[in-house]
Amino acid sequence: MVIFDYIKKTGRAPEEISQVILTHSHPDHIGAVQAIKKASGCTVAAHLGEKSWIEDIEQQHRDRPIPNFHSIVGGSVNIDKILEDGDVLELGDIRLEVFHTPGHSKGSISLLLHEDKALLAGDVIPLAGSIPIYEDVLASVRSIKKLRSIEGLDVLLTSWDNPRKGNEVYRMMDEGLSYLQRIHEIVIKISGETTTLTSEEWSKQILTELGLPPIVANPLIIKSLKAHLKARDHQNLLQN
Ligand SMILES: [Zn+2]
């Protein structure tokens, strides 16, 4: 396994893993956890909102099918520890603070590594220009703002992006917020203009306007875009 090879390269042993913390349940974030747990005997921790999809991957596959699901996820694992907003984990010299940051998924968490002033944000902060994936866009905005209010961050470790340092940490959060507002304005505009489109046609128009390939209008993205309709009373998402 690539993860174990890397750990060995650092001079440590995979058996030393005592706990795996999952930021959320999506396949690309839990894929190897069953194998890691088997090999190391570690415990697994996550937010209650993600528990059912981690403990029963077939349920997740039925509720949220994605291509190649079974080649990404090795199998289900039991959650040994439920994490909540405000929990502080003392792991040897490391102190990790848990922030509940829903939106992308209902039980998404972010982790603040106090000693390094580093924030692990999973999929909470969208990258400008990326494909929109979230369940509740207003919750996403609130979660990013909550992370934005943490003072003195030096490092941001967020999925699909290189580590960001210094001022870039907050810039990435601001860009993520602006991107959500931009998508919101396009969704509301297109929804106001046309009433006879199928969901797929509607999504394709929005993606085209966003400069994204309309080919990606799959059910997951359509669901994310529809999340904006639930927030259509808010002209400016960032003021909620
Ligand atoms: Zn995700």
Checklist outcome for this item: Scanning region 107-129 for residues that are more than 13 Å from the chain's Cα centre (by Cα) and within 16 Å of the ligand (Cβ to nearest atom) gives none
Item to check | Unmet requirement for residue 55, which otherwise passes all of (1) at negative phi; (2) within 16 Å of the ligand (Cβ to nearest atom) | outcome: (2)
Checklist outcome for this item: Of 39, 35, the only residue that is in contact with a Phe, Trp or Tyr (Cβ under 8 Å, 6 or more places away or on another chain), of a type in the set (A, V, I, L, M) and part of a helix (DSSP H, G or I) is 39
Checklist entry - With respect to residue 202, is the statement that it is out of contact with any Ser or Thr (no Cβ under 6 Å at 6 or more places or on another chain) and surrounded by fewer than 17 Cβ atoms within 10 Å (Cβ to Cβ) true? => result no
Item to check | Residue list for region 33-52, restricted to those being surrounded by 14 or more Cβ atoms within 10 Å (Cβ to Cβ), under 24 Å from the mean Cα position of the chain (by Cα) and more than 16 Å from the ligand (Cβ to nearest atom) | outcome: 34, 35, 36, 37, 42, 43, 44, 45
Checklist outcome for this item: Taking region 1-32 and the residues there that are in a loop (DSSP other than H, G, I, E, B) and buried (at least 19 other Cβ atoms within 10 Å of the Cβ), the one that is nearest to the ligand (Cβ to nearest atom) would be 26
Item to check | Of all residues in region 83-106 being within 16 Å of residue 20 (Cα to Cα) and open to solvent by less than 40 Å² (accessible area, probe 1.4 Å), the one that is farthest from the ligand (Cβ to nearest atom) | outcome: 89
Checklist entry - Applying the selection to region 53-64, what residues are surrounded by fewer than 17 Cβ atoms within 10 Å (Cβ to Cβ) and either touching a Cys at 6+ places or on another chain (Cβ under 7 Å) or in contact (Cβ under 8 Å) with a residue 24 or more places away in the chain (or both)? => result 55
Checklist entry - Among the residues of region 213-220, is any open to solvent by 20 Å² or more (accessible area, probe 1.4 Å), of a type in the set (A, V, I, L, M) and within 17 Å of the chain's Cα centre (by Cα)? => result yes
Next on the checklist: Quick check on my filter: what residues within region 163-178 are open to solvent by less than 40 Å² (accessible area, probe 1.4 Å) and either assigned to a loop (DSSP other than H, G, I, E, B) or within 16 Å of the ligand (Cβ to nearest atom) (or both)?
Outcome noted: 166, 176
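The values are calculated or read from the model by the stated rules, or taken from the named source; none is laboratory data. Values in this document were obtained by computation on a predicted structure and should not be read as measured data. A quick note on method: Cβ atoms are made from the backbone with ideal geometry, for glycine too, and the neighbour counts reach across all protein chains shown. What goes into the accessible areas is simple: the full protein's heavy atoms, side chains included, and nothing from ligands, DNA or RNA. Shrake-Rupley method; radii C 1.70, N 1.55, O 1.52, S 1.80 Å.
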